[in-house]
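Trainee: I'd like to ask some things about the structure below.
The values are calculated or read from the model by the stated rules, or taken from the named source; none is laboratory data. If you're wondering where the values come from, they're calculated on a predicted model, not measured in any experiment. Because the Cβ atoms are built from the backbone with ideal geometry, glycine has one as well, and the counts that use them run over all protein chains shown.
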Amino acid sequence: MKFSTYLKERIGFVGINGIIFVVLLIILMVFRTKLIVILMLGVTWFLPLMSYMIIEYMKYKHYYQELEETFENLEIKYLLTQVIKEPSFAEGKIFFEILRKTNKSMHEQVNKYEGMQKEYKEYIESWIHEIKTPIAAVNLIIANNKDVTTQKIAQEIKQIECYTEQALYYARSNDVNKDYLIKPFTLRKVVMSVIQDHSTMLIQHRIMPEIGALEEVIYSDYKWVKFILNQIIGNSIKYAKTQSGTLKIYTHRLAQCVILTVEDEGIGINEKDVERVFDKGFTGENGRQFIKSTGIGLYLCKKLCNKLGLGLTLESEAGVGTKVKLIFPVSENSRVD
Amino acid sequence: MKRKQWGEEEMHKILIIEDTQVIREELKTFLLNYGYEVEALESFENILGAISHIEADLILLDINLPLYDGYYICREIRKTSQVPIIIVTSRDSEMDELMSMNFGADDFVTKPYNTQILLARIASVLKRTYGANTQGELLNYNGLTLNLGNGTVSYQQRSIELTKNEYKILGYLMKNKGSIIAREELMEVLWKSELFIDDNTLSVNVNRLRKKIEDLGVENPIETRRGLGYIMP
């Protein structure tokens, strides 16, 4: 707070004092009072007045400056009332109290919604764990009664499994930081596991995997990386052309990273849609035309990649195929082995 | 009905501890079909007593049980026995996996498991614990013997070497003799061993395999059922 601002606030008070003093001055001059007396009067009048105002200004200035600085430096702004001191002056006290109360009521509101969200998330997670038991049961029944009908059911169940998994990871995606474990593993291990999971569907769609050496060791969370690859390869199957195709999976080693490329010969994505594939709920023209797409899979992949510090890019040409690149940073340390 | 007959090998006994009745029964049927001896607990009052009584070679343990949870059971078993335990759970966080391993489980499989993967895990844990009989893994079919250890097939003192694809195909058909095996299923079996073959390659492999076995003197060993698959009747 500048002194001029402070003074402007008190213009009336200073003005009235000034006017009364001038009036008094005129009266005294009419009665031919000595100049020294007038001077003394002026000093005794204005010295305490001015010094009081300056002291008060200093006090205000000190408080507000501290308040502003604290506010600027505070990362979580709404915690302000918990870190500042209560002001020593009355107006300040009133505002401080009101601010504290509004804050408290906001916290209560936020807590309420946090609680609701947490409860919902827990429900979704437990529901998914529940649904896995009947799915496992159906898989066993199918394995025990293999025929044309159950094979068809098996495919549908596989879809249900994929969607269930997606829902689980979606629910968890906001706290990746609470559920991960960085371990070294080869890209071969995770890619093979995903291919095995999808083998029935790949064979059904006559998609042949062509898999490179994939011997690079990366440091990341196996489960999350597997989920991301599951979505990418799941898309390659979902958006396959009706005739057969290949699914190429290979790596490039660069100085700072390993790039894992998944290249399919599917229906591809229109040029104008490519940029938006990672947007939530976005379904491109091809996505809507050929198959009901949800616009969740790639959005979730991108979100998880950001959290895990991985890169994810997509190139595609309609009618030709899609190339998805997953980029794993490699630090000097991990290059040792 | 037993679909598989392991040559000389003795059958391993698997104990299923699972409270969902459907899974328990289907899993039992499934493992019986694959040539294991199977026991399943029907009551969970005295699990530990039952376990020591049954003397299984491997335990499939569900985590969510009434009364005690699987982790507790696992730890209690470990106090007295080193029997291999595979924990089966629908939870799949890192925590669950770490806890299972810390409580002495040998492996950890998440529901809904792929049945083939479950079989592979069981086989691998059994192999790790009781050793592999690489020499003795022989499959027999009407005098035709397939040695899984070295990939040769023999008939009346004559033997011939098979390629990896060929003996995987023959092995699977022999294990499932009497059942029609769809082409897709055969391809999946090969894919599981990272042999990614397509439809044409499978036809070529099966024809070559037929030729080799016929050269040994066996008439029409693998029959084609049009539109359905192959069968060794």
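Trainee: Which numbered condition trips up A:Pro87, out of (1) part of a helix (DSSP H, G or I); (2) surrounded by 11 or more Cβ atoms within 10 Å (Cβ to Cβ)?
Mentor: (1)
Trainee: Still on this structure, I have one more. Given the structure, is B:Thr115 touching a Leu at 6+ places or on another chain (Cβ under 8 Å), farther than 18 Å from B:Glu18 by Cβ and among the polar types (S, T, N, Q)? Before the answer, list the steps.
Mentor: On the way: touching a Leu at 6+ places or on another chain (Cβ under 8 Å): yes; farther than 18 Å from B:Glu18 by Cβ: no; among the polar types (S, T, N, Q): yes.
No: the conditions fail for B:Thr115.
Trainee: Okay, moving on. Would you check which residues across segment A:129-156 are touching a residue at least 24 places away in the same chain (Cβ under 8 Å) and surrounded by fewer than 16 Cβ atoms within 10 Å (Cβ to Cβ) and list them? Explain how you work it out, then say what you get.
Mentor: First, the residues of segment A:129-156 that are touching a residue at least 24 places away in the same chain (Cβ under 8 Å): A:131-132, A:135, A:154-155.
Within segment A:129-156, A:Gln155 is the sole residue that qualifies.
Trainee: With (1) under 27 Å from A:Val194 (Cβ atoms); (2) modelled with pLDDT under 85 as the list, and B:Gly131 as the residue in question, which single condition is left unmet?
Mentor: So the condition that B:Gly131 fails would be (1).
Trainee: Right, something else. All but one of (1) within 18 Å of A:Arg10 (Cβ to Cβ); (2) surrounded by 11 or more Cβ atoms within 10 Å (Cβ to Cβ); (3) free of Cβ contacts under 8 Å to residues at least 40 places away in the same chain hold for A:Ile55; state the number of the condition that does not hold.
Mentor: (2)
Trainee: Still on this model: Among the basic types (Lys, Arg) and under 21 Å from B:Trp191 (Cβ atoms) - does that describe any residue in segment A:182-195? Full working, then the answer.
Mentor: We begin by selecting, within segment A:182-195, every residue among the basic types (Lys, Arg); these are A:183, A:188-189.
When the remaining residues are screened for being under 21 Å from B:Trp191 (Cβ atoms), the result is A:188-189.
Yes, segment A:182-195 contains at least one residue that is among the basic types (Lys, Arg) and under 21 Å from B:Trp191 (Cβ atoms).
Trainee: Mind checking which residues of segment A:210-250 are more than 13 Å from chain B (Cβ to nearest Cβ), surrounded by fewer than 21 Cβ atoms within 10 Å (Cβ to Cβ) and in a strand (DSSP E or B)?
Mentor: Within segment A:210-250, A:Val217, A:Tyr219, A:Tyr250 qualify.
Trainee: Something else: Restricted to segment B:162-192, and to residues that are among the polar types (S, T, N, Q) and closer than 12 Å to B:Tyr230 by Cβ, which residue is farthest from the other protein chains (Cβ to nearest Cβ)?
Mentor: Initially, segment B:162-192 is screened for residues among the polar types (S, T, N, Q), giving B:163, B:165, B:176, B:179.
Okay, now just the ones that are also closer than 12 Å to B:Tyr230 by Cβ, so B:176, B:179.
On the way: B:Asn176: 10, B:Ser179: 8 Å.
Across segment B:162-192, the extreme among qualifying residues is B:Asn176.
Conditions tested, residue by residue: (1) touching a Phe, Trp or Tyr at 6+ places or on another chain (Cβ under 9 Å); (2) under 19 Å from B:Ala123 (Cβ atoms).
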{"position": "B:Arg24", "(1), (2)": "no, no"}
{"position": "B:Lys28", "(1), (2)": "no, yes"}
{"position": "B:Pro66", "(1), (2)": "yes, no"}
{"position": "B:Ser90", "(1), (2)": "no, no"}
{"position": "B:Glu97", "(1), (2)": "yes, no"}
{"position": "B:Phe103", "(1), (2)": "yes, no"}
{"position": "B:Asp107", "(1), (2)": "no, yes"}
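Trainee: Just to verify a result, which residue in segment A:182-206, among those that are of a type in the set (Val, Ile, Thr) and facing another protein chain (nearest Cβ under 9 Å), is nearest to the chain's Cα centre (by Cα)?
Mentor: So the first thing to find is which residues in segment A:182-206 are of a type in the set (Val, Ile, Thr), and the list is A:182, A:186, A:190-191, A:194-195, A:200, A:203.
Subset that is facing another protein chain (nearest Cβ under 9 Å): A:195, A:200, A:203.
On the way: A:Ile195: 31, A:Thr200: 36, A:Ile203: 38 Å.
Of everything passing the filter in segment A:182-206, A:Ile195 is nearest to the chain's Cα centre (by Cα).
Trainee: Let me ask something else. Please enumerate the residues belonging to segment A:191-208 that are crowded, with 22+ Cβ neighbours inside 10 Å and in a strand (DSSP E or B).
Mentor: Of everything in segment A:191-208, just one residue is crowded, with 22+ Cβ neighbours inside 10 Å and in a strand (DSSP E or B), namely A:Ile207.
Trainee: Exactly one of (1) among the hydrophobic types (A, V, I, L, M, F, W, C); (2) in a loop (DSSP other than H, G, I, E, B); (3) under 18 Å from A:Tyr299 (Cα atoms); (4) within 14 Å of chain B (Cβ to nearest Cβ) is unmet by A:Ile269. Its number?
Mentor: Unmet for A:Ile269, out of (1) among the hydrophobic types (A, V, I, L, M, F, W, C); (2) in a loop (DSSP other than H, G, I, E, B); (3) under 18 Å from A:Tyr299 (Cα atoms); (4) within 14 Å of chain B (Cβ to nearest Cβ): (4).
Trainee: Do any residues in segment B:105-121 that are facing another protein chain (nearest Cβ under 10 Å) have Cβ atoms under 9 Å from those of residues that are of a type in the set (Phe, Trp, Tyr), where the two are at least six apart or on different chains, and which pairs are they?
Mentor: Hits for this filter: B:Thr115/B:Phe30; B:Leu118/B:Phe30; B:Leu119/B:Phe30; B:Leu119/B:Tyr34.
Yes/no matrix, rows are residues, columns are (1) more than 28 Å from the chain's Cα centre (by Cα); (2) modelled with pLDDT under 85; (3) under 30 Å from B:Ile180 (Cα atoms):
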residue: A:Thr150; (1), (2), (3): yes, no, yes
residue: A:Cys162; (1), (2), (3): no, no, yes
residue: A:Ala167; (1), (2), (3): no, no, no
residue: A:Tyr180; (1), (2), (3): no, yes, no
residue: A:Ala213; (1), (2), (3): yes, no, no
residue: A:Thr242; (1), (2), (3): yes, yes, yes
